[in-house]
Amino acid sequence: MNIPLAIIGSGPAALTAAIYSSRAGLNPVVFEGELDVAGGQLMTTTDVENFPGFPDGIDGFELVENMKKQAQKFGTQFIGEYVNKVDFSNGFLLFTNTQTIMAKCVIIATGAVAKKLTFTGSDMYWNKGISACAVCDGASSLFKNKPLAVIGGGDSAMEEALFLTKFGSVVYILVRGDTLRASKYMKAKAEENPKIKFLYLTQVLEAKGDTTKLKSLVINTNGEIQEIECNGLFYAIGHIPATEILKGQLALDDQGYIKTIDTITNIPGILACGDVQDHQWRQAITASASGCIAALQAEKFLSK
Ligand code: NDP
């Protein structure tokens, strides 16, 4: 199949790129992966309260569905298959399980996955107190004036903990080692906050609660086991960009994110947007914004 524009991904970056590019008449085809897992990280967020335009909040699933409908309205074609392999050595070839596609221009928006931990109760309380995004989920009524915890020792952990102090009664930062990896500035900000308590050399052994919500954590601090009251646990232990198929094809940074300047990669005609090229901001709205830029860049490239 020969197409002008292929978009790989199914989250807000891919869908915004699809809306803009189909509206501009570029006839994009979106490879959204298997349908049961399409939609990206928003699909597991129950209440999105910070995407502009929804004063009462919106369910993550519904927000993604709406974006998809909007892209379809302008003629975007969706294919429910993964791109398993790419070859950018002579034109842009994409391979799925059933077909080979030759595209004139490609937008990569495959996202990144937050790293999670596994311990007793970690699956049971996922989305019932355990989350990997404080900014997305922290304002939930589940966490108001309750003890909360963040796992991690990097800048994300500091930032998430500081954000959570607006809601929780106390925020524990659970650090596996005896030092922080966070920058001096972020570390100082967290240390100055009276609501934040650091527990070093600490691992979570078990999450406990009732059938609907998390209530406590069993933790091991340097060999001492204790149970602490905790209604919200947030992982801030890094993300993994979905760039496995791009290794050796496109310039990636040392963490595996695609290197971009305004969504332009090192290969003219290959653009990247959303979390796959952004390890810092990682919000639905910033992913959408970069999807818009990528579509405008594609339009420029294809009109040459
Ligand atoms: P980092 O990789 O910097 O930090 C990850 C943290 O998670 C480390 O403390 C690490 O511990 C810990 N960790 C990893 N795996 C586990 C595990 N299995 N169990 C317990 N702890 C674990 O990731 P971040 O997301 O914090 O930051 C990514 C990048 O984004 C950085 O460059 C950062 O500076 C930047 N950033 C900047 C911000 C800002 O300036 N406002 C805000 C957010 C991110 P250990 O140290 O022991 O390896």
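What to note about this one:
- For GLU62 and ASN222, the FRET efficiency from 1/(1 + (r/R0)^6), where r spans their Cβ atoms and R0 equals 45 Å, is about 0.50.
- Furthest towards positive pole of dipole, LEU93, SER290, PRO194, structure part the chain, Cβ charges: SER290
- Contour minus Cα-Cα distance for GLN77 and VAL135 (0.36 nm per residue): 17.6 nm
- Here r is the Cβ-Cβ distance between LEU302 and ARG181 and R0 is 35 Å; the resulting FRET efficiency, rounded to 0.05, is 0.25.
- Summing charges over all other residues whose Cβ lies under 14 Å from the Cβ of MET67, with Lys and Arg as +1 and Asp and Glu as -1, gives 0.
- Taken one residue at a time, the phi angles of the range 66-75 give Karplus couplings (6.51, -1.76, 1.60, θ = phi - 60°) of 5, 5, 5, 4, 5, 5, 5, 4, 8, x Hz. Gly and Pro are set to x.
- Magnitude of the charge dipole, the chain, Cβ model with Lys/Arg +1 and Asp/Glu -1, debye to 20: 440 debye
- Size of electric dipole in the range 97-255: Cβ of Lys, Arg +1 and of Asp, Glu -1, about Cα centre, debye, nearest 20: 320 debye
- The share of alpha-carbon pairs in the chain lying farther apart than 32 Å comes to 33%.
- Between LYS189 and ASN2, the FRET efficiency estimated from the beta carbon spacing at R0 = 51 angstrom works out to 0.45.
- For the range 78-86, backbone phi angles converted through the Karplus equation (6.51, -1.76, 1.60; θ = phi - 60°) give residue-by-residue couplings of 10, 10, x, 9, 7, 8, 8, 7, 10 Hz, Gly and Pro being listed as x.
- Spin-label pair GLN203-TRP126: with each label point 7 Å from Cα along the Cα-Cβ axis, the two points sit 2.0 nm from one another.
Values quoted throughout were computed directly from the atomic coordinates according to the rules given, and no laboratory measurement underlies them. These figures come from a predicted structure and were not determined experimentally. Cβ sites come from the backbone with ideal geometry, for glycine too, and all protein chains shown count toward neighbours.
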